[in-house]
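Peer 1: What follows is a structure written as structure tokens; I'll ask about it next.
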Amino acid sequence: MKLLAVVGAGSVLVGLALGWWTTSNHWSAKYAGLELAQSEASSVAVTETLEKQQEKLKAAQVVEAKGEKAIAEVNLDAVAVVGGDGSVDRVRGELNALRQRTTRDLSNAATQRLADRQTIGVLADMLESCSSVAGVVAEGFEQARARGLTCEAAYSAALLSSE
């Protein structure tokens, strides 16, 4: 009976170990498959992104080349129109001076607008304080008027009582 229990327990342990080993291998293989699929998908996504980036870079280079060509053509046209005797440099200098003056004028205008805003704020504060002072003065005048009327009434009553 003891031998049968020992053999049974041993069989159960062997069965458990075999089951654990089989399950472990099954899930390890599944996990490795998932890792492989994720790596492949990541590789494809990175490759596609790099290809799109290269296409955009090439397109930008084409646009840049067209722009440089257009600038060169405009410069040639300017030389042809103005003359090749240095007039282009003179016109460019005048244009740069005009740009600098415009920038300076815009900066001055922005500074002036800031100063105007600050002045308006100060004037609004002064108006508010004058308004509150005017209310106090008006209240004082109203009290003085009421006292004056009271004084006149008392004086008239004193005159009537003395007659």
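We did not get these values from a lab; they are worked out from the coordinates using the rules stated. None of the values given here were measured: they were computed from a predicted structure. Cβ placement follows ideal geometry from the backbone for every residue including glycine, while neighbour counts extend to all protein chains displayed.
Peer 1: Place a +1 charge on the Cβ of each Lys and Arg in the chain and a -1 charge on the Cβ of each Asp and Glu, then give the dipole magnitude about the Cα centre in debye, rounded to the nearest 20.
Peer 2: On the way: 16 positive and 20 negative charges, 168 e Å.
The calculated dipole for the chain is roughly 800 debye.
Peer 1: Still on this structure, please answer the following. Ignoring everything except DSSP H segments at least 4 long, calculate the 222 nm mean residue ellipticity for the chain; use -39,500 (n - 2.57) per segment, divide by total residues, nearest 500.
Peer 2: On the way: 2 runs with 157 residues, N = 163.
So the helix-based figure for the chain works out to -37000 deg cm²/dmol.
Peer 1: Between 76, 161, 151, whose Cα lies farthest towards the positive end of the dipole of the chain when Lys and Arg beta carbons carry +1 and Asp and Glu beta carbons carry -1, centred on the Cα centre?
Peer 2: 76
Peer 1: Out of (i) 11; (ii) 65; (iii) 76, which label holds the value of percent of Cα pairs over 30 Å apart that was computed here?
Peer 2: (iii)
Peer 1: Here is a further query. Return the sequence-ordered ³J(HN,Hα) values of the stretch 101-112 in whole Hz as given by the Karplus equation 6.51 cos²θ - 1.76 cosθ + 1.60 applied to θ = phi - 60°, using x for Gly and Pro.
Peer 2: Per residue, the Karplus-derived 3J(HN,Hα) values read 5, 5, 4, 5, 5, 5, 5, 5, 5, 5, 5, 5 Hz.
Peer 1: Just to confirm a number: summing +1 for Lys and Arg and -1 for Asp and Glu over residues other than residue 63 whose beta-carbon lies under 12 angstrom from that of residue 63, what do you get?
Peer 2: On the way: positive: 56, 58, 66, 69; negative: 64, 68.
Spelling it out: positives minus negatives among the neighbours equals +2.
Peer 1: Using the Karplus curve 6.51 cos²θ - 1.76 cosθ + 1.60 with θ = phi - 60°, what ³J(HN,Hα) values do you get for each residue of the stretch 115-130, in whole Hz, with x for Gly and Pro?
Peer 2: Going residue by residue, I get 5, 4, 4, 5, 5, 4, x, 5, 5, 5, 4, 5, 4, 5, 5, 5 Hz, with x marking Gly and Pro.
Peer 1: Applying the Karplus parametrisation 6.51 cos²θ - 1.76 cosθ + 1.60 with θ = phi - 60° to the phi angles of the stretch 56-66, what ³J(HN,Hα) value in whole Hz is obtained for each residue in order, glycine and proline being reported as x?
Peer 2: Each residue's phi maps through the Karplus curve to give 5, 5, 5, 4, 5, 5, 5, 4, 4, 5, 4 Hz.
Peer 1: Also: Say the dipole of the chain comes from +1 at the beta carbon of Lys and Arg and -1 at that of Asp and Glu; which of 131, 6, 41 then lies farthest toward its positive end?
Peer 2: The one lying farthest along the dipole's positive direction is 6.
Peer 1: In which sequence would 126, 1 go, from the one with the fewest C-beta neighbours within 10 Å to the one with the most? Working shown, then result.
Peer 2: On the way: 126 10, 1 5.
Starting with the residue having the fewest Cβ neighbours, the order is 1, 126.
Peer 1: How large is the Kirkwood hydrodynamic radius of the stretch 36-82, in angstrom, based on all distinct alpha carbon pairs?
Peer 2: Numbers: mean 1/r = 0.0739 Å⁻¹.
Evaluated over the stretch 36-82, this radius sits at 13.5 Å.
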